[in-house]
Structure formats: structure tokens, C-alpha cells
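These notes are about the structure you will find just below.
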Amino acid sequence: MFAAGAGNASEVPFAPTRDVPDYTASMIVRNTYGEPKEMLRSVVHHKGWTRVESVNGDQTTVSYGNFFDNTVLRMTKTGNEDFTWMSIERTDRSLDLSVKQAKETGETDNQVGEACNWRQLIRTSDAMSPLWFSCLSADGIEVAEKVLFREGKPMSDTQLVRLDRTAVAESEVAPPKRLFDPWFWLKPLRDYPEPEALVDFEARMVGNWSEVRVLRHYPWRSEERREKGGSLKLTIWNELENQGIWIMSSKDGHSLHAARAQLDPQHPYNTFQLKTGQVDLKRNGDALGETCSWFDMTPGLSDAGRHECLTPDGISLKINILSGWGHGDSYTAVEIKRRPVELREMLPPPGLIDPSSWGFSVSD
């Protein structure tokens, strides 16, 4: 039995030990629930680091990760365009779906000449969760996997097409360095007219649990929230596009999400801001000797919300963030500067986006 105090196999293959040999593999993934779908997967492994590429129609997903370091970078692209979405997760604690145990099932299999033993991966005690299984070769390579619904009905399975035990260069399991350049994600997608009613500003706001620094040069905005416990949340986004960077850093782990795409007319909501509209609440407020009007920025949301008290030129003097999952917060501006703001002022500190801070080496 393998006990995993750390290890997350949601994006990269399960590994029983850190000394799995270098290899490349071609696989077929079949989703067997609903309308059956089949896609190709390639896996490249070198000294604990793995690159997984899955192709489903014109959609390509590439993941880089280290199973034992709980580090996964995932990115997607459509057709021949460059990557338009990226997510990085790194944590020092067991995730909800991290592998806690790997139990021998006693069942064996053979994948195109590769003998393997099936193990059940124990991730959660939730009685309703799926069942995960991994079939490992004698030297620890995952050559097949399957996921079952709790009642035993197949959800998906992955089967080997070809396996080569061959030396793999470090660059083959290293993500492209451009992904860690904030300008790659924040470069304007088009020219934006200067709005007459919304001024550039910098503001410092204080809440019950944290402080926030706000910068705006419409349509660009950033909010840097530092909580009393030491955690940091930074969001830089374009209010007119589905474009931005979100970073969370705390003692429990680090996360980064980035995207650059125009808003989908079918789903015209920005991923990076809690805003679905702007409804006048017909009441006023004040701070720092200025008056403001309250607006509901999330009409229609029932489990979360954001109310802002805005000056005539669009500056937030007060912000109330409501949450159905935990404590929200209420912020009041303690300092405001109306001044020209440049997008470069909103870029995240290098230490938060540098690949080494996530444990990655990069390739050209």
C-alpha cells in the first residue's frame, strides 16, 4: 500500500515513487458517460516532471506537473492560435482530491505488451465521489487508468497505444517561458477610447479582515488585497474583455490563473471580476469628505455579491463583498489619489509570477 502525504494526480499521471524512469507514451482517452468521446493523449516524463497533451477536436490542453510536489500548470488553446488560458496550482498540503492511498486490487492487465497491476487511488472519503484506478508497470509507469461512478458504471478510461523508455530532455517537460511574462496575458487586444466620466485613480481601502490597493486606468483595473493573516490576493483585469491575471499566495499554497480573450457574446461575464451589471440602490454614502451612490454590481446573484458606493467620476469610496461560503468584507477608502495610471504599474511583483517561485524551469 502506498500512503501519499502529498501527491495530486488530477492532471498528471499517478506515480508510486519519485524514481520512475524517463519515458514517452501515446494513449487514447475515452469518456464513456453521456455522449461517448475519444481523444488522444501524449505523456512525456523526466525525473518526476511530466508533460501531458490532450487533443479533443480543435481543443488542445497541455499540463505540466510534478505529482509529489503538488504542482500543476494547465493551459488550453483552440486550433492554431496561441494559448489563451492558464492555471497553476501549488500547495504544501493534501488537496481534497489528492491521493491519500493507493491500494492493490489484485487485478492485472496487459497494455500492448506492457504488464501492469491495478491499484485503487483513495482520494476522498466522500461516499458519492467517483472511484479512481491506475494500472502500473513493474517500474512504476502508469500505462492505463479508469474512473468509475460510485455504483461501478464506467466514467472514463485511458489505454496505452505505445510506450518508449527513452531519455527525455528537461526542456520537453518545461513550460514555455512566455507564459510567465505578464505582458503575454495583459497586452491590449484592441484600442480602447478614453472614457470621459471615469478618471484614473489610486486608492487604499481598509476592511475588517484585509486592506486593498486599487489602481484604475479604464478599462484596466487592479485590486491587491493583503489579509491580516499574511495571505495575498491580486487581480489585474480588463473590464471590457475576458482578460487578466489572478494570483493567490498564502502559507497553504499558491495559485495563478491567467486568460486573454474577448468576451463571449453568449456568456458576457468577465472571469476576473465579480460583476454582472450595475443597479442603482437609491441610497448615498460618504468617505474622505466625498459623497457617493450605492450600486449593486452583481444583480441576479444569490450566493455572492458586490456593492460599491461610487463617486460621480467612478471611484469606489466603499465596497461591500458578500459571500455565501465564508466571511465577506466591507472596505472604506482611507486614501485616494486622482492621477494618471499606467498599465505597467499594475503588473504583479516578479516574485509572484517568476517560474522558479512555482518550482518550474522553462523552455524557449
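The values are calculated or read from the model by the stated rules, or taken from the named source; none is laboratory data. Model, not experiment: these values are computed from the prediction. A quick note on method: Cβ atoms are made from the backbone with ideal geometry, for glycine too, and the neighbour counts reach across all protein chains shown. To get the accessible areas, we keep the full protein, side chains included, count just its heavy atoms, and leave off ligands, DNA and RNA. Shrake-Rupley method; radii C 1.70, N 1.55, O 1.52, S 1.80 Å.
Things worth noting here:
- Among Leu186, Val206, Ala174 the positive-end extreme of the charge dipole of the stretch 163-242 (Cβ point charges): Val206
- Sorting Asp22, Asp329, Asp82 by accessible area puts them as Asp82, Asp22, Asp329; the probe is 1.4 Å, largest comes first, and only protein heavy atoms count.
- Sites excluded, chymotrypsin sites (Phe, Trp or Tyr not before Pro) in DSSP loops with at most 16 other C-beta within 10 Å, longest stretch of the chain: 69-148
- Accessible-area ranking of Ser316, Ser323, largest first, probe 1.4 Å: Ser323, Ser316
- Within the full protein context, the accessible area of His217 is estimated at about 50 Å² for a probe radius of 1.4 Å.
- Residues Leu301, Leu131, ordered by accessible area of protein heavy atoms at a 1.4 angstrom probe radius and largest first, appear as Leu301, Leu131.
- Charging the Cβ of each Asp and Glu at -1 and of each Lys and Arg at +1, and nothing else, the dipole of the chain about its Cα centre rounds to 520 debye.
- Shown here for the stretch 179-285: trypsin sites (Lys or Arg not before Pro) in loop regions (DSSP other than H, G, I, E, B) with at most 11 other Cβ atoms within 10 Å, namely Arg190, Lys228, Lys251.
- Pairs from Lys187/Lys228; Lys77/Lys100; Lys282/Lys337; Lys77/Lys177 whose Cα-Cα separation, in the structure shown, is over 23 Å: Lys187/Lys228; Lys77/Lys100; Lys282/Lys337
- Look at where the Cα atoms of the stretch 137-205 and of the stretch 307-361 average out, and the two centres are 25 Å apart.
- Per residue, the chain exposes an accessible area of 51 Å² to a 1.4 Å probe, with every protein chain left in place.
- Counting only heavy atoms of the protein chains and using a 1.4 Å probe, Val12 has close to 10 Å² of accessible surface.
- Within the chain, longest stretch free of exposed GluC sites (Glu not before Pro) [DSSP loop, at most 16 other beta carbons within 10 Å]: 197-341
- Dipole magnitude of the stretch 209-364, debye to nearest 20 (Cβ charges: Lys/Arg +1, Asp/Glu -1, about Cα centre): 240
- Carbon plus sulfur fraction of accessible area for the chain, probe 1.4 Å, in percent: 49
- Nearest-10 value in Å² for the accessible area of Ile319, using the 1.4 Å probe: 10
- Selection from Gln273, Gly314, Leu232, by position along the positive dipole direction of the chain (Cβ): Leu232
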